[in-house]
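The values are calculated or read from the model by the stated rules, or taken from the named source; none is laboratory data. Keep in mind it's a predicted model, so treat the numbers as computed, not measured. Cβ placement follows ideal geometry from the backbone for every residue including glycine, while neighbour counts extend to all protein chains displayed. Quick note on the areas: whole protein, heavy atoms, side chains included, nothing else; ligands and nucleic acids left out. Shrake-Rupley method; radii C 1.70, N 1.55, O 1.52, S 1.80 Å.
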Amino acid sequence: MSSYPTEQMAVKITVNTMITNDSEKETYELIAFGQYIQKTSSVFLRYDELMEEGTAKTVVKVSEREGSIVRNGAVDMRLPFQMNKTLVGSYKTPYGVLDMETTATRISHEFDYGLKKGLINIFYDLTMLGNHAGTYHISITFEEDESNEHSGAGKK
């Protein structure tokens, strides 16, 4: 088994979230700039997420069969994922902490070292307060941000 040294690079990140609940579908897109970090068998994306409530520092961690999304700041949330297992996460509100359950059906990540581009996919069912809140598909694409000024310009 080969082991990789820790690698880090500045990246442009596009997060697409599709939520399906019964016959309703909602989609959201977020574009951010942050860091891609690879340590042994896990990859991490770190970025700031601007929300109505303010800014949240977000970390997405993915390995072969598990992952997590953690936000701290304007929103405090922890969503853990493990393939085909139900795990308990939390969402902190001004009124208290809500427990959330996730059941992941797909966790995948790939990275092309030549193109310096990657993709993370997470499919999961979310339950809040005992009620099914939807089936989520989070697709995160990222590529090296060569400008370091977030202009979006890069080599083709």
Mind checking which residues of segment 90-122 are on the phi > 0 side of the Ramachandran plot and in a strand (DSSP E or B)?
GLY96
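Residues are listed down the side, and each one gets a yes or a no for (1) within 11 Å of TYR124 (Cα to Cα); (2) out of contact with any helix residue (DSSP H, G or I) (no Cβ under 8 Å at 6 or more places or on another chain); (3) in contact (Cβ under 8 Å) with a residue 12 or more places away in the chain; (4) surrounded by fewer than 14 Cβ atoms within 10 Å (Cβ to Cβ):
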| site | (1), (2), (3), (4) |
| --- | --- |
| VAL70 | no, yes, yes, no |
| PRO80 | yes, yes, yes, no |
| THR86 | yes, yes, yes, yes |
| TYR91 | no, yes, yes, no |
| PRO94 | no, yes, no, yes |
| VAL97 | no, yes, no, yes |
| GLU101 | yes, yes, yes, no |
| THR105 | yes, yes, yes, yes |
| GLU110 | no, yes, no, yes |
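Does segment 115-128 hold any residues that are over 18 Å from ALA10 (Cβ atoms) and without any contact (Cβ under 8 Å) to a residue 60 or more places away in the chain, and which are they?
Step one: of segment 115-128, the residues over 18 Å from ALA10 (Cβ atoms) are 121-128.
Once the filter is applied, which keeps residues that are over 18 Å from ALA10 (Cβ atoms) and without any contact (Cβ under 8 Å) to a residue 60 or more places away in the chain, segment 115-128 yields ASN121, PHE123, TYR124, ASP125, LEU126, THR127, MET128.
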Pairs, please: C-beta under 6 Å, at least 6 apart or cross-chain, first residue within 21 Å of ASN121 (Cα to Cα) and in segment 49-61, second open to solvent by less than 30 Å² (accessible area, probe 1.4 Å) and aromatic (Phe, Trp, Tyr)?
THR58/TYR47
